[in-house]
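Beneath this line is the structure, given in structure tokens, with notes to follow.
The values are calculated or read from the model by the stated rules, or taken from the named source; none is laboratory data. What you see is a predicted model, and the numbers here were worked out from it, not measured in a lab. Neighbour counts run over all protein chains shown; Cβ positions are idealised from the backbone, glycine included. Heavy atoms of the whole protein, side chains included, go into the accessibility calculation; ligands, DNA and RNA do not. Shrake-Rupley method; radii C 1.70, N 1.55, O 1.52, S 1.80 Å.
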Amino acid sequence: MLGTINRSFILPVKGEKQMPKADSEYLWNELQPGCVITEPGTSRVYYTGDWRAFYPVLQKERCIQCGICWIFCPDMAYQKDEKGYFIADLNYCKGCGICARECPADAIHMEKEKEI
Amino acid sequence: MGKYLGMEVSFAAAEAVKLCNVDVVAAYPITPQTHIVERLSQFVADGELDAEFVPVESEHSALSLCVGSQAAGARSFTCTSSQGLALMSEIVYIVPALRLPIVMILANRSLSGPLSIWNDHSDVMSVRDCGWIQLFVENGQEVFDHVIIAYKIAENHNVLLPVMINMDGFILSHMFEPIKLMEQEDVDAYLPPYQPKFVLHPDKPVTMGAYAMPALFTEAKKAQEEALLASYPHILQAWKSWEKVSGRSYHPVETFCSEDAETLFITMGSLGETAGEAVRVLRGQGKKVGLLKLRLWRPFPFHDFYKAIGNAQRLIVLDRAVSYGGPGGPVAGEIRSALYNMENRPQVINFVAGLGGREVSVESFLEMFISSIEGKASGYQLFGVRG
């Protein structure tokens, strides 16, 4: 069952690495009434990963490919690769550490991001 | 054209809501608005109104429910008073930010404490800056008319803002008055079915109520204020087309004997009728006195106000709420601010009167006039306070 649900709609389109227009570029009269967002799925182009202080590191030799990280990730940052491993997309991972906390095989640990 | 019927004003309000053929009514009882939703519940139970009648668990839920139903494309109605408005105030500010054209009647009642169920304007003034279009009505017919007018204004795609109709609790809500009801086909011709601009529907997903980072929040607020300002001509248009249907005309600032007046009373809500009687008495004594009644409170009708004060030298402004430790009542504060850039601005004398149901009679207005003329009253005072 795991990994069979299609989450591809939330994943970045290949080659789409840039955010659209930044918040700070909008004029007041360019906003929709009520700030309604008229397109679905726009959060995939809203990269939240740069808030992160810690990032998850997967030790593949311990991973049992159970997908608990994929289930628990609140940002839906995990996706399954072709070998069946679940990998966090760091464009979206906020570094909350839930995957590391929940991993039953202790395959994930958090490492501190480098100081800028 | 409709016929006159004697009825409680709350029932007239409910008749108007029924004629608007609302889809959802969220109801929570609070004196003195309860009769409106009680009547609506009866209409729904009797099959006279095809609407979801939801007896919610609080006023916070009442308006929250209307946010959801309106966002889903349903014409929604609720009403409240005083503490109920205070409890729902979190959502009150969200509705105009989402640009949802909900209509709500506020049966004005004082905010506790001391606990009071009686009429003043402290409830509405607590949400003065909430961003709704805010109207004040003077009698039962105006309540009836403005429910229908409010939907016409709110749902206009050039407006898309909620409308709050302020009617004085008890003084209007529990009064029996002759009301001229409208025929359903006349209301239908005036108020077409609700066409939402955006609607929550799985077939075409949209996001409402998204988070705004600091980089966008100021622009969102600017857009909201511009929307409220831009509603003004559409409010006038809705009144104008209502006049064609009903023969009754309404204006942002209603005037009575104001053309050559040296002194003008300024009132909001039902006290306008009492003040009008006082003006008649004073005119009978040869005094150049007139009356302005602010019907449109938000957006504030600056242009109409300047035009209406003409060459008056003295404005006696009635407030129905205290701004503790402030420059006077909230209405007078705004009027003084509006006058600040005028070269020959009139004197503003501010009476806070009619708090928590205290009677304000024709004689009260005469007393205010005399003490103003004689210079006994100045800046700001609580009218009729003992000691």
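Only residues of the stretch B:166-198 count here: report those whose backbone N is under 17 Å from the spot 7 Å along Cα→Cβ of residue B:50, or say none.
B:184-185, B:188-189, B:192-195
Answer rounded, prolate or oblate for the stretch B:254-382, using the Cα gyration tensor with square roots of eigenvalues a ≥ b ≥ c: rounded when a/c is under 1.5, else prolate when a/b is larger than b/c, else oblate. Please list the in-between numbers first.
On the way: a/c = 1.30, a/b = 1.04, b/c = 1.25.
Since a/c stays below 1.5, the shape of the stretch B:254-382 is classed as rounded.
Compute the length gained on full extension between residue B:215 and residue B:259: take 0.36 nm times their separation in residues and subtract their Cα-Cα distance, giving the result in nm to one decimal. Spell out each step's value before the answer.
Details: separation 44, 0.36 × 44 = 15.84 nm, distance 4.91 nm.
Gain on stretching residue B:215 to residue B:259: 10.9 nm.
How tilted is helix B:59-71 with respect to the longest principal axis of chain B? Cα atoms for both, answer in degrees (0 to 90, nearest 10).
Compared with the principal axis, the helix lies near 60 degrees.
Which lysines, on any chain, are close to residue A:83 with Cα under 26 Å apart, when same-chain ones fewer than 8 places away are left out?
Qualifying lysines at Cα under 26 Å: A:14, A:17, A:60, A:94.
Could you state the accessible area per residue of chain B in Å², with a 1.4 Å probe and every protein chain left in place? Don't jump to the answer; show the numbers that get you there.
Working: 16090 Å² over 387 residues.
Dividing the accessible area of chain B by its residue count gives 42 Å².
Once both labels are modelled 7 Å past Cα along the beta-carbon direction, what's the residue B:229-residue B:116 spacing in nm?
Label-label distance for residue B:229 and residue B:116, simple model: 3.6 nm.
May I ask you to derive the FRET efficiency for residue B:241 and residue B:313 from their Cβ-Cβ distance with R0 = 41 Å, giving the value to the nearest 0.05?
Values: r = 37 Å, r/R0 = 0.91.
With a Förster radius of 41 Å, E is 0.65.
Work from the charge dipole of the stretch B:4-246 (Cβ charges, +1 for Lys and Arg, -1 for Asp and Glu, about the Cα centre) and give the residue of B:113, B:51, B:125 farthest towards its positive end.
Farthest towards the positive pole: B:125.
Tell me the relative contact order for chain B as a rounded percent, counting alpha carbon contacts under 8 Å between residues six or more apart.
16 percent
In the stretch B:1-87, what trypsin sites (Lys or Arg not before Pro) fall in a loop by DSSP, with at most 14 other Cβ atoms inside 10 Å? Can you show the working numbers first?
Details: sites: B:3, B:18, B:39, B:75; in loops: B:3, B:75.
Within the stretch B:1-87, the qualifying trypsin sites (Lys or Arg not before Pro) (loop, at most 14 other Cβ atoms within 10 Å) are B:3.
Along the charge dipole of chain B, which of B:95, B:253, B:302 sits closest to the positive end, that is, farthest toward it, with unit charges on the beta carbon of Lys, Arg, Asp and Glu (+1, +1, -1, -1)?
B:302
Could you list, in their original order, any pairs among B:3/B:152; B:18/B:293; B:152/B:204; B:152/B:293 whose Cα atoms are separated by more than 30 Å? Intermediate values should be presented prior to the final figure.
Values: B:3/B:152 22 Å; B:18/B:293 28 Å; B:152/B:204 26 Å; B:152/B:293 22 Å.
Long pairs (Cα-Cα over 30 Å): none in the table.
What is the interface area between chains B and A, defined as buried accessible area summed over both chains with a 1.4 Å probe, reported in Å² to the nearest 100?
Numbers: alone 16850 and 8570 Å², together 23890 Å².
Buried surface at the B/A interface: approximately 1500 Å².
Once the dipole of chain B is set up with Lys and Arg at +1 and Asp and Glu at -1 on Cβ about the Cα centre, which of B:356, B:192, B:144 lies farthest towards its positive end?
B:356
Between residue A:53 and residue B:201, what is the label-to-label distance in nm when each label sits 7 Å out along the Cα-to-Cβ direction?
4.6 nm
Note down the magnitude of the dipole of chain B about its Cα centre, charges +1 on Lys and Arg C-beta and -1 on Asp and Glu C-beta and zero elsewhere, to the nearest 20 debye.
Numbers: 31 positive and 43 negative charges, 207 e Å.
Value, rounded to 20: 1000 debye.
Considering Cα pairs under 8 angstrom that are at least six residues apart, work out the relative contact order of the stretch B:326-387 and quote it in whole percent. Don't skip to the answer; put the middle values down first.
Numbers: 43 pairs, mean separation 25.9, N = 62.
Once normalised by length, the contact order is 42 percent.
Please state the charge dipole magnitude for the protein assembly as shown, taken about the Cα centre, from unit charges on C-beta atoms (+1 on K and R, -1 on D and E), reported in debye and rounded to the nearest 20.
Numbers: 45 positive and 59 negative charges, 182 e Å.
In total the dipole reaches around 880 debye.
Per-residue mean of other chain beta-carbon atoms within 10 angstrom of the beta-carbon, peptide B:210-217? Write out the running numbers ahead of the final one.
On the way: counts 6, 1, 3, 3, 2, 5, 8, 2.
Taking the mean over all residues of the peptide, I get 4.
Say a site is exposed when it is one of the GluC sites (Glu not before Pro), sits in a DSSP loop, and has at most 15 other Cβ atoms within 10 Å; what is then the longest site-free stretch of chain B? Show your work: numbers first, answer last.
Working: sites that count: B:48, B:57, B:183, B:259, B:262, B:343, B:359, B:374.
Longest gap between qualifying sites, sites excluded: B:58-182.
Once you average over the residues of A:34-45, how many Cβ atoms of partner chains fall within 10 Å of each Cβ? Don't skip to the end; give the middle numbers.
Numbers: counts 19, 15, 11, 7, 5, 4, 5, 2, 2, 2, 0, 0.
Going residue by residue through A:34-45 and averaging, the value is 6.
With labels modelled as points extended 7 Å from the Cα through the Cβ direction, what inter-label distance (nm, one decimal) is found for residue A:42 paired with residue A:113?
Roughly 2.3 nm, to one decimal.
Can you give the average number of partner chain beta-carbon atoms within 10 Å of each beta-carbon in peptide A:24-33, as a whole number? Could the numbers behind the result be given before it?
On the way: counts 5, 2, 5, 3, 10, 4, 2, 7, 7, 13.
Whole-number average of other-chain Cβ neighbours for A:24-33 is 6.
List the GluC sites (Glu not before Pro) within the stretch A:50-116 that DSSP assigns to loop and that have no more than 10 neighbouring Cβ atoms inside 10 Å.
When the GluC sites (Glu not before Pro) of the stretch A:50-116 are filtered for loop state and at most 10 Cβ neighbours within 10 Å, A:61, A:82, A:115 remain.
Just to be sure I understand: with springs between alpha-carbon atoms less than 10 Å apart, which residue in B:32, B:346, B:205 has the highest mean-square fluctuation in the Gaussian network model of chain B?
In the Gaussian network model the winner is B:205.
Taking amide H atoms as placed 1.01 Å from N in the peptide plane, list the residues 5 or more away in sequence, or in a different chain, whose amide H sits under 5 Å from that of residue A:54.
A:113
Among B:303, B:201, what's the order by accessible area (1.4 angstrom probe), most exposed first?
Values: B:303 130, B:201 90 Å².
Sorted by accessible area, descending: B:303, B:201.
Find me the longest stretch of chain B that has none of the exposed chymotrypsin sites (Phe, Trp or Tyr not before Pro), where exposed means in a DSSP loop (not H, G, I, E or B) with at most 13 other Cβ atoms within 10 Å. Write down the numbers at each step before the final one.
Working: sites that count: B:211, B:324, B:340.
Result for the longest clean stretch: B:1-210.
Given Cβ point charges of +1 (Lys, Arg) and -1 (Asp, Glu) and nothing else, what value in debye, to the nearest 20, does the dipole of the stretch B:241-304 about its Cα centre take? Walk me through the numbers on the way to the answer.
Numbers: 9 positive and 8 negative charges, 24 e Å.
Here the stretch B:241-304 has a charge dipole of around 120 debye.
Tell me the accessible surface of residue A:24 in square angstrom (1.4 angstrom probe, heavy atoms of protein chains only), to the nearest ten.
Accessible area of residue A:24: about 90 Å².
If I take R0 = 45 Å and measure r between the Cβ atoms of residue B:156 and residue B:382 in this structure, what FRET efficiency does the formula 1/(1 + (r/R0)^6) give, to the nearest 0.05? Intermediate results must be reported in sequence, preceding the final value.
Working: r = 41 Å, r/R0 = 0.90.
About 0.65, to the nearest 0.05.
Pairing rule first: another cysteine's C-beta must sit under 4.7 Å. Under that rule, which cysteines of the protein assembly as shown stay single?
A:35, A:63, A:66, A:73, A:93, A:96, A:103, B:20, B:66, B:79, B:130, B:257
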